[in-house]
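What follows is one structure encoded as structure tokens, with my remarks underneath.
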Amino acid sequence: MNTGLDNLDILELDRRTFLKAVGMLGASAFLGNYGTQIARALKVAETKVVWLNGAACTGCSMSFINSAHPDVVQAITELNVNIGYMETLSPQQGIFVDGAPAGTSELNSELKIEELVREGGYILVVEGAVPFGGSGRYLTIAGKPFKDILKQVAGKASAVVAMGACSSFGGVPSARSDIRKDTDYRGLLFTGTEKKGAFSELGIDKPVINLAGCPPNPEFGLITLGALILGKITPADLPDILDRYNRPTVFFPPDHTIHENCPRRGYYDKGQLDTEFSGEHCLRKLGCKGPYTHSDCATRRWNNALSMCTKAGSPCIGCMEPGFPDSFSPFYRESEGVGILLGADANTIAKVAIGAAAVGVGAHAVRRVMVSMKKHDAEPEKAEEAQE
Ligand code: SF4
Ligand code: SF4
């Protein structure tokens, strides 16, 4: 496909065209087309990445490590993405190594962080939520509350990226539970949909790019870090390229849900809804939240663009949205009475679709019938007039 974006000098592009190229080509094709140019630029880039691991399962690191184009080893060795600090990937490190005090920043992670903070100007990636309960005792590293480490490191960062649902919105650690009040886990800017995050509590006034997801797609991370390192995104650009939950609209389009490009969408339109797992039809009745979830999972896909949740037979659980997991629980049960398309639930859609199929009309006609039903509910007389 000729998109008109195939032979550009990527380093000369302004930010808008750069983002347009990423959006139109998709991250894999984008990296495939421009990998050499980006590699050349990154080789001379000095920017370091500091990656802090808060309260999380480390799934976001695992997802990032499993990126395909380039993989992380290529990113580090060939593209010169300079990961200055990352607990998951670092070799043996700590205050003590092999039982003896580690005296140099090569081995002592506390000294390493202090060194990086002195230099400043790094990109900070935060994975995991930040606990505030019990003065931060629910996550300490070398006896130091994580919230204090975050405060120390965030202050000197040139940009901050929240990697995954937990650092973006609190995620699973901040989910409903008997101990939630005591632990008080937060995302950096948001906790759930509320703007009540760790940064405001710590007095840090910095924008954050939220790469939501449990985990986020690895391409979100590579493209965002690449764009920041190359100066294609600066903090001043962020209001134009992020949605109201600080997610880049290029990955989380506000006017698009997974449902629209879902590989099972044809079955939904025909009212063919599976009621048991392992079928091939729409997963709506098994609890799929694709109709409420804004992200490009269905087009970008995962594992080298091989598959994605609904294609593999698992209902979408809405992991890219703020409020996950509480707002999307229970995961595998139909959300009864919640309108999804034109205000109708799946049962109504199924009835209309079956009726429409019987008289040989297509999906667009189903939507027309639904609009008319909706109007009828709201204004019965006007709807009747409209149908005549
Ligand atoms: S409800 Fe879920 S499985 Fe069905 S078409 Fe929409 S996104 Fe796909
Ligand atoms: S399809 Fe749904 S559950 Fe799967 S990664 Fe995307 S948002 Fe998360």
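Laboratory data are not the source of any read-out in this text; all were calculated from the coordinates shown. Computed from a prediction, not measured in an experiment: that's the story for all the values here. Note: ideal-geometry Cβ built from the backbone for every residue, glycine included; neighbour counts use all protein chains shown.
Within the set of other residues whose C-beta is less than 14 Å from the C-beta of N261, count the net charge using Lys and Arg as +1 and Asp and Glu as -1. Provide the component values of the computation, followed by the final result.
Numbers: positive: R264, R265, R300, R301, K311; negative: D255, E260, D269, D296.
Residues near N261 contribute +1 overall.
So which trypsin sites (Lys or Arg not before Pro) in the range 194-254 are both in a DSSP loop and have at most 15 other Cβ atoms within 10 Å of their Cβ?
Working: sites: K195, K196, K232, R244; in loops: K195, K196, K232, R244.
Filter output for the range 194-254: K195, K196, R244.
How long is the gain from E276 to A236 if the chain were fully straight, where each residue apart is worth 0.36 nm and the alpha carbon distance is subtracted?
Between E276 and A236, full extension yields 9.5 nm more.
So if we plug the beta-carbon distance of M86 and D178 into 1/(1 + (r/R0)^6) with R0 = 35 Å, what FRET efficiency do we get, rounded to 0.05?
Rounded to the nearest 0.05, the efficiency is 0.60.
Given the pairs K196/K289; K151/K232; K112/K232; K48/K151; K144/K196; K206/K289, which are separated by over 20 angstrom at their Cα positions? Show your work: numbers first, answer last.
Details: K196/K289 25 Å; K151/K232 26 Å; K112/K232 28 Å; K48/K151 18 Å; K144/K196 23 Å; K206/K289 32 Å.
Distance filter (> 20 Å) returns K196/K289; K151/K232; K112/K232; K144/K196; K206/K289.
Quick check: residue separation of L111 and T249 times 0.36 nm, minus the Cα distance between them. What number comes out in nm?
On the way: separation 138, 0.36 × 138 = 49.68 nm, distance 3.75 nm.
That pair, L111 and T249, stretches by 45.9 nm at full extension.
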